[in-house]
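Okay, so here's the structure we're looking at.
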Amino acid sequence: MAFVGSIGGKPVISIDHGAVRTTYEPVISTLHVGERVTLGQVIGRVGAGGHCQGCLHWGLREGKSYLDPMLLIGSTGGQLRLVAEAQRKIAERAAEARTAAASATQVGAITASAGRPGSHGFLRPVTGPVTSAFGMRLHPLRKIWKLHDGTDFGAACGTAIRAPYAGVVTRGYYSPAYGNRLFLSHGRVDGVQVETAFNHASRYVVRPGQRVSRGQVIGEIGSTGLSTGCHLHLMVWLNGKLSNPMSWL
């Protein structure tokens, strides 16, 4: 716990997760500054003094920058609803059912228009094993529960990264989180607009505007940015929507 107290007459608590902090108001807590909390632990009760009755104001901050807390649950839209503790399990089961139905609908739409994963002619960009799949996970460095927005392939630093399909390099830059990044636009493939991104590389050997062919070496595996070791973090967008890379490769 980083803060437990009152701000502007409202009870507020803040939790330090390492690289980011989350805030909750109006929340009354019996916890103390410096006390460690665990995933799923009750940290307080909604109190009075907020801008609406019976609601929780949830905030996320990285340094001095305020971010959308919905990023922590792999979303940037929709609504969150507070439920009583006695109704928690029922709400969780209902949410799991909605998520499964939405996932099945999305995968079904892609499959119907473009065939099954593995049928599109895309190569794996490296030959290493999958070391971390797409989906929610506890971030190994930030120690927060968030969406792992790609698929990790383990390989030694310096291993060649190859273009999975012909395309055009659209941009490349360094990100504190993703390290050295490179984006490829593959155009429409089997009726689907496809874009890929490669992250944490030690270097790339192609530049924006350059056309690349399927299997061409575009860079080398590295461990730049927020990384625990040499690997490739591959991301895929299908029709503009971030998707599980293994649903397409």
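The values are calculated or read from the model by the stated rules, or taken from the named source; none is laboratory data. What you are looking at is a predicted structure, and each value in this text was computed from that prediction instead of being measured. Because the Cβ atoms are built from the backbone with ideal geometry, glycine has one as well, and the counts that use them run over all protein chains shown. Protein only, heavy atoms only, side chains kept; ligands, DNA and RNA dropped before computing areas. Shrake-Rupley method; radii C 1.70, N 1.55, O 1.52, S 1.80 Å.
Worth pointing out:
- Filtering the range 113-160 to residues that are modelled with pLDDT of 75 or more and aliphatic (A, V, I, L, M) leaves LEU123, VAL126, VAL130, ALA133, MET136, LEU147, ALA155, ALA156, ALA160.
- When TYR66 is tested against (1) under 30 Å from GLY47 (Cα atoms); (2) open to solvent by 60 Å² or more (accessible area, probe 1.4 Å); (3) at pLDDT below 80, only condition (3) is not met.
- Of all the residues in the range 230-249, those that are of a type in the set (Ser, Thr, Tyr) and buried (at least 20 other Cβ atoms within 10 Å of the Cβ) number 1.
- Listing of strands (runs of 3 or more DSSP E) fully contained in the range 1-68 that carry 2 or more residues being touching a residue at least 40 places away in the same chain (Cβ under 8 Å): 21-25, 57-62
- VAL46 satisfies every condition listed in (1) out of contact with any Pro (no Cβ under 6 Å at 6 or more places or on another chain); (2) within 23 Å of LEU138 (Cβ to Cβ) except (2).
- Within the range 5-42, the set of residues being open to solvent by 50 Å² or more (accessible area, probe 1.4 Å) and among the hydrophobic types (A, V, I, L, M, F, W, C) comprises ILE7, ILE28, VAL33, LEU39, VAL42.
- The residue pairs whose first member lies in the range 123-135 and is closer than 13 Å to VAL236 by Cβ and open to solvent by 70 Å² or more (accessible area, probe 1.4 Å), whose second member is outside any strand (DSSP E or B) and modelled with pLDDT of 90 or more, and whose beta carbons are closer than 8 Å, counting only pairs six or more residues apart or on different chains, are ARG124/PRO164.
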